[in-house]
Amino acid sequence: MLPIRAVLFDMFDTLMLIERDHEFYEPAVQRMHRYLGKRGVDVSYEQFETTYNAERTQLYEKADLTLEEPHFNVRISNTLKRLGYSYPTTSTVVSETTSEFYEEFMKYVRIDPDAETVLKTLHENYRLGIVSNFAIPECVYKLLRISGIDHFFEAVVVSGAINKRKPSPEIFQSALQMLGVSAAETVFVGDTIDADIEGSKAAGMRAVYIERRVQKESTICPDQIIKSLAELPEALKRCQTPNN
């Protein structure tokens, strides 16, 4: 068993906690609608919400099959097209609508209270990175920056930036290449069984599962299970012990 050289983290509900049972969604969609109204998109909120939800559902259904994650701008551009407005993904209207969504979303996100202390400890001995399923990479980068933990990470790979999402092996490999380590030398830490644990184990990594909520049953077992990030340093030591 190779020694651990790197630790990769999931972002949301691992390092950053989404509060209030994901109640951000409705206010974020309302905020996008208000912005678009100011830019001349004359549709009711009900029409916008219905159309946006239909586009979102279609993208998620495709993602389940292909493990692709196009940037959130694609979702907005396609929604507007369904409503009769032609704005490319590169347009200011589209990018600023995306910004309206994630600025609202960020109000509902806070850093895990143990994250900074744990990252300081791990940074002394491991190379650190993030692999996140999220359609707005700019939001991930901004949250890391304003939380003051961005400097801990040598690799931040977000699905919306590379159009691949966990459990796709490509997204894990991208982070490993940035860090210059092999999968066998890396531990992944995440809160979902399918995307995080099954995905990282299939890519050849050891995996630590942080219990945040009930997950589906799986035949793939994590190497360690923790209930808080504070337990992670000791869990990593156990990951290096044979037959543990």
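The values are calculated or read from the model by the stated rules, or taken from the named source; none is laboratory data. Everything numeric here is computed off the predicted structure, so don't read it as measured data. Neighbour counts are summed over all protein chains in view; Cβ atoms, including those assigned to glycine, are modelled from backbone coordinates with ideal geometry.
Here is a yes/no grid of residues against (1) touching a Ser or Thr at 6+ places or on another chain (Cβ under 7 Å); (2) of a type in the set (Lys, Arg):
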position: 42; (1), (2): no, no
position: 45; (1), (2): no, no
position: 60; (1), (2): no, no
position: 67; (1), (2): yes, no
position: 74; (1), (2): yes, no
position: 82; (1), (2): yes, yes
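Looking at 75, 82, 145, which one is free of Cβ contacts under 8 Å to residues at least 12 places away in the same chain, under 30 Å from residue 52 (Cα atoms) and among the charged types (D, E, K, R)? Spell out the reasoning first.
Details: 75 fails: free of Cβ contacts under 8 Å to residues at least 12 places away in the same chain; 82 fails: free of Cβ contacts under 8 Å to residues at least 12 places away in the same chain.
Every option except 145 fails the conditions.
Taking the criterion of being touching a Cys at 6+ places or on another chain (Cβ under 6 Å) and in the same structural domain as residue 30 (by TED's automatic domain parsing), would at least one residue in region 72-82 satisfy it?
Looking only at region 72-82, we keep the residues that are touching a Cys at 6+ places or on another chain (Cβ under 6 Å), and these are none.
No, region 72-82 contains no residue that is touching a Cys at 6+ places or on another chain (Cβ under 6 Å) and in the same structural domain as residue 30 (by TED's automatic domain parsing).
Would you mention how many residues in region 199-214 are modelled with pLDDT under 95 and within 17 Å of the chain's Cα centre (by Cα)?
From region 199-214, those modelled with pLDDT under 95 are 211-214; that's our starting set.
Filter once more, keeping what is within 17 Å of the chain's Cα centre (by Cα): 211-213.
Number of matching residues: 3.
Tell me which of these residue 200 doesn't satisfy, since it passes every other one: (1) more than 30 Å from residue 104 (Cα to Cα); (2) polar (S, T, N, Q); (3) surrounded by fewer than 21 Cβ atoms within 10 Å (Cβ to Cβ).
Of (1) more than 30 Å from residue 104 (Cα to Cα); (2) polar (S, T, N, Q); (3) surrounded by fewer than 21 Cβ atoms within 10 Å (Cβ to Cβ), only one is false for residue 200: (3).
Answer yes if at least one residue in region 218-233 is in contact with a Ser or Thr (Cβ under 6 Å, 6 or more places away or on another chain) and surrounded by 20 or more Cβ atoms within 10 Å (Cβ to Cβ), and no otherwise. Spell out how you get there, then give the answer.
At the first step, the residues of region 218-233 found to be in contact with a Ser or Thr (Cβ under 6 Å, 6 or more places away or on another chain) are 233.
If we keep only those that are surrounded by 20 or more Cβ atoms within 10 Å (Cβ to Cβ) as well, we get none.
Checked against the condition, which is being in contact with a Ser or Thr (Cβ under 6 Å, 6 or more places away or on another chain) and surrounded by 20 or more Cβ atoms within 10 Å (Cβ to Cβ), region 218-233 yields no hits at all.
From the residues in region 72-121 that are over 25 Å from residue 145 (Cα atoms) and charged (D, E, K, R), which one is surrounded by the most Cβ atoms within 10 Å (Cβ to Cβ)?
Ranking the qualifying residues of region 72-121, first place goes to 75.
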